[in-house]
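Accompanying notes for the structure given below.
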Amino acid sequence: MKKFALLFAVNVLTVTSVFASGVCDYVNPFIGTAVGSGNTYPGPQVPFGMISWSPQSADFGWSPGGYSYDNNKINGFGVIHLSGAGCSASCELPFMPCTGELGKSPVTHRGYYASTFSHTNEIAKPGYYSVKLATWNIDFENTVQARSGIAHIDFPKTNKAHLVLNPTADGVGLKDGAIFIDSTNQTISGWAKSGGFCGISGCDYVVYFVAKFDRPFQAYGAWKGDQQALASTAVSGSDIAGYVTFNCSTRQRVTMKVGISFVSIANAELNMDTEIPDWNFAAAKRAADKEWNQYLSRILISGGTPQDTTIFYTALYHSLMLPSIFEDVNGQYIGMDSQVHSVAPGHHFLATFSGWDTYRTQAQLWGLLYPDWASDFCSSFLAMSQQTQKNGGGGLPLWSMYNDETIVMAGYPADAYIANAYAFGATNFDVTALKAVMVDSGKNERWCGRNLNVTWIISRNTRSTVIMRRM
């Protein structure tokens, strides 16, 4: 198997191509965004990135990625999404720019501040997105780094230019949350708790955020349910929203930065300040484009039609969305035991394992082209197992989402994923320790998670256990 992988790598990676320095131009992030297709999203993300700051349709319909190409309204720009998932999920903390009077609460009138848009005024590239929000005559563009992003919001001339944050307009419903507004430092911060992927109770997670603006607020406030509180600086619960207002009568552009974390608000701010220390949008956009070209150009192809090339590189692009970085710039991450852990320097903790068939192709692809990342993912499997041993777990995930198990996958797919990643070149992890977990889990049907209050039968995967014994 290793010999085959090496020959494949040599044959593919030595192909010359006239577009080697501009592979991103062949990616179409809109592929897979139509209802009933790939459940993807067009917003910016870097390879393996924690943040995916993407537009969300006013009515998701069957669009687990939050965006439907068939919908002509945008209801906000959420900061985390799941690419290719089969159930509604995530889509947390959508921000929505608008103008005029804030007449109704977005908590009880979810699509009230939505805007129509046209695909002719929309651009999506790896690491970059822009759109004209026709209802409000606002131009929006954003780009990202691994855990943070920056946006330009060009309002029309008005003294009532708003940015509304509605955490309740997420994928499956806000369970709890908080919003804090600091007018002195021109920031909004807080957190949102959600979960319940595919109708499974539990599997909750909390995402923290900090958003900073390059100009002072003219006004601000919050909603609790249907009640608006002018100049409110804090609100909490499952029925909350907030807003800040700018005077754009003479200067129309508002620049916004955002950082996220699954550990704390402080870490979200640290991520933002470290990755985007200034207000240089162009520099962040160039960095994202450079990173995508570096990863996508691991394979250079020739022949076929331009459409074939777009299909190929878009598929490779989508394969690098999940699993994603879960640790902050200081190495901290929240584990499967809800405790804060630190990843070893120079490595990553990767979260959200779709056990649904990714072991058939993604494990091999990552092992061949991105062995360091595949190795870190295998190390993440081991850490997940170790973190759940105390509460009767200690197995490997079936379909983990952030820092818990959703149990929406049958069988025991992690074994096959690890074995295939190893066979194709991902060997920089503790093979002996992880093999012991695989064998033990296969014998004792162990699970990996925090709060599983359901009976779940794990079928033993003898084939993958045999493969590991031969390594």
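When the Cα positions of S83, M272, A169 are compared along the charge dipole of the chain, S83 comes out farthest toward the positive end, with charges on each C-beta of Lys, Arg, Asp and Glu. The fraction of accessible area contributed by carbon and sulfur in the stretch 59-117 is 47 percent, rounded to a whole number (1.4 Å probe; ligands and nucleic acids excluded). Isolated cysteines in the chain, defined as those with no second cysteine Cβ under 4.7 Å, comprise C24, C91, C98, C203, C248, C378, C448.
Straight-distance candidates among the aspartates and glutamates for linking to K132, with alpha-carbon spacing under 18 Å and chain neighbours fewer than 8 residues away dropped: D70, E122, E141, D154. Of the heavy-atom accessible surface of the stretch 267-358 (probe 1.4 angstrom), what whole percent is carbon and sulfur? Ligands and nucleic acids excluded, carbon and sulfur give 53 percent. Packing here is the average count of other Cβ atoms within 10 Å per residue, and on that basis the peptides 410-419, 136-145, 30-39, 351-360, highest first, run 410-419, 136-145, 351-360, 30-39. Applying 1/(1 + (r/R0)^6) with R0 = 30 Å to the Cβ-Cβ distance of K290 and I311 gives a FRET efficiency near 0.80. Residue-wise, which Karplus ³J(HN,Hα) couplings in Hz belong to the stretch 245-257, taking 6.51 cos²θ - 1.76 cosθ + 1.60, θ = phi - 60°, and x for glycine or proline? Karplus values, whole Hz, x for Gly and Pro: 10, 10, 9, 10, 5, 10, 10, 8, 8, 10, 9, 10, 10.
Here the accessible area is traced with a 1.4 Å probe on the protein chains. For the stretch 166-263, carbon and sulfur cover 47 percent of it.
Cross-link reach is defined here as a Cα-Cα straight distance under 16 Å, omitting same-chain residues fewer than 8 places apart; for K290 the lysines meeting it are K125. Amide H contacts of Q389 (H built 1.01 Å from N, in plane; Pro and chain starts excluded): G394 sit under 5 Å, all sequence-distant by 5 or more or on other chains.
Pairs of C-alpha atoms in the chain farther apart than 29 Å represent 47 percent of all such pairs.
Rolling a 1.4 Å probe over the protein chains gives C203 an accessible area of about 0 Å². With the simple spin-label model, which puts each label point 7 Å out from Cα in the Cβ direction, the A134 to T427 separation comes to 5.8 nm. Its DSSP H runs of at least 4 residues, each contributing -39,500 (n - 2.57), put the calculated 222 nm mean residue ellipticity of the chain at -7500 deg cm²/dmol, to the nearest 500.
Scanning residues 5 or more positions from T352 or on other chains, those with amide H under 5 Å from its amide H are Y402, with H placed 1.01 Å from N in the peptide plane.
In the full protein context, the chain carries 38 Å² of accessible surface per residue, based on a 1.4 Å probe and ignoring ligands, DNA and RNA. At 7 Å along Cα-to-Cβ for each site, give me the label-to-label distance between S238 and K390 in nm. That separation, rounded to one decimal, is 2.8 nm.
The values are calculated or read from the model by the stated rules, or taken from the named source; none is laboratory data. No experiment lies behind these values; they were computed from the predicted model shown. Cβ sites come from the backbone with ideal geometry, for glycine too, and all protein chains shown count toward neighbours. Surface areas here come from the heavy atoms of the whole protein model, side chains and all, with no ligands, DNA or RNA. Shrake-Rupley method; radii C 1.70, N 1.55, O 1.52, S 1.80 Å.
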